[in-house]
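The values are calculated or read from the model by the stated rules, or taken from the named source; none is laboratory data. Keep in mind that this is a model prediction, so the values were computed, not measured. Glycine also receives a Cβ, built like all others from the backbone with ideal geometry; neighbour counts cover every protein chain displayed.
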Amino acid sequence: MNKFYLIGIGYRPLNEKASGIIRSSDVILTTARLFEVFKRYREFEDVKSKLKVTANINETIAFIRGNYDKENISVLADGDPMFFGFGKLILNEFDKGTFDIFPDLSSLQVAFSKIKEPWGDSFLISLHGGPDPANRRKLEHETSDIPHLLENYHKIGILTDKENNPAKIAGILNLSPLTSPLSIIIYVCERLGYPDEKITEGTPEAISAGAFSYPNVVIILKK
């Protein structure tokens, strides 16, 4: 039985096996954003004619389902596909024996390293509902839950999106009676892995007034 492959990108060069799989692929599925990320990889020039940009997740799934048994397909994913990523959806749609995964680092793993803060004792959530406002994924937590979460956790790492962005998250913390008396530091880690990556540290009040480049992640520390 033929397999397809999830290849995480963003932070490290591909290892030898993942590089070989990419080079031997007939089709490499990607989003428009990850297409730009993949341009930095040494494999790009050799395989760029095989890259197919899909409009959304449903198109990606449909293409895989209709073609993986007759073509060698790789799918570029963001960071670690099994960390609040594309891997969960793939598991819902395909048998485990039909694909293999080559993860990169997760963006939150990179973010905690950038601020030199251990993350084994942190609570990690995704507020990434997807790029389509009309078809957003149902999330386990919402931005309004964060003040309550800080009652039980002193360190929270958050995957954001353009709607659930750092300023919105900070604004909720700044105005909530549960968190406004607390000493809280927020780190916004913008465009990690890009040449223009940036780390901003501030109070909820200061971060709520800011504007931040996408993609980004947020880390909240309760002192």
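Observations on the model:
- Of the criteria (1) touching a residue at least 40 places away in the same chain (Cβ under 8 Å); (2) outside any helix (DSSP H, G or I), which one ASP121 fails: (1)
- Considering the stretch 81-134, the residues that are surrounded by fewer than 21 Cβ atoms within 10 Å (Cβ to Cβ) and among the acidic types (Asp, Glu) include one that is modelled with the lowest pLDDT, namely ASP132.
- Exactly one residue out of LYS39, LYS70 is loosely packed, with under 13 Cβ neighbours inside 10 Å, charged (D, E, K, R) and under 26 Å from ALA111 (Cα atoms), and it is LYS39.
- Meets criteria (surrounded by 19 or more Cβ atoms within 10 Å (Cβ to Cβ) and more than 30 Å from LEU139 (Cβ to Cβ)) for LEU29: no
Conditions (1) over 26 Å from ASN92 (Cα atoms); (2) assigned by TED's automatic domain parsing to the domain that holds LEU192; (3) within 17 Å of the chain's Cα centre (by Cα); (4) not polar (S, T, N, Q), marked per residue:
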site: PRO13; (1), (2), (3), (4): yes, no, no, yes
site: ILE22; (1), (2), (3), (4): no, no, no, yes
site: SER25; (1), (2), (3), (4): no, no, no, no
site: ALA32; (1), (2), (3), (4): no, no, yes, yes
site: PHE35; (1), (2), (3), (4): no, no, yes, yes
site: SER49; (1), (2), (3), (4): yes, no, no, no
site: ALA55; (1), (2), (3), (4): no, no, no, yes
site: ARG65; (1), (2), (3), (4): no, no, no, yes
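- Candidates ASP80, ASP46: the one that is farther than 26 Å from VAL217 by Cα and among the charged types (D, E, K, R) is ASP46.
- Here is the figure for the stretch 34-70: residues that are in a loop (DSSP other than H, G, I, E, B) and basic (Lys, Arg) total 4.
- A residue that is outside the structural domain of ARG33 (by TED's automatic domain parsing), at pLDDT 95 or above, among the hydroxyl-bearing types (Ser, Thr, Tyr) and touching a Gly at 6+ places or on another chain (Cβ under 9 Å) cannot be found anywhere in the stretch 156-179.
- Selection count where residues are surrounded by 14 or more Cβ atoms within 10 Å (Cβ to Cβ) and hydroxyl-bearing (Ser, Thr, Tyr), scope the stretch 160-186: 3
- Residues (small (Gly, Ala, Ser) and either touching a strand residue (DSSP E or B) at 6+ places or on another chain (Cβ under 6 Å) or free of Cβ contacts under 8 Å to residues at least 24 places away in the same chain (or both)) located in the stretch 16-41: ALA18, GLY20, SER25, ALA32
- Of all residues in the stretch 54-73, one or more are free of Cβ contacts under 8 Å to residues at least 12 places away in the same chain and of a type outside the set (Gly, Ala, Ser).
- Filtering PHE112, PHE84, PHE99 for residues that are in contact (Cβ under 8 Å) with a residue 40 or more places away in the chain, among the aromatic types (Phe, Trp, Tyr) and in the same structural domain as PRO215 (by TED's automatic domain parsing) leaves a single hit, PHE112.
- Residues satisfying the stated conditions in the stretch 85-114, i.e. part of a helix (DSSP H, G or I) and acidic (Asp, Glu): GLU93
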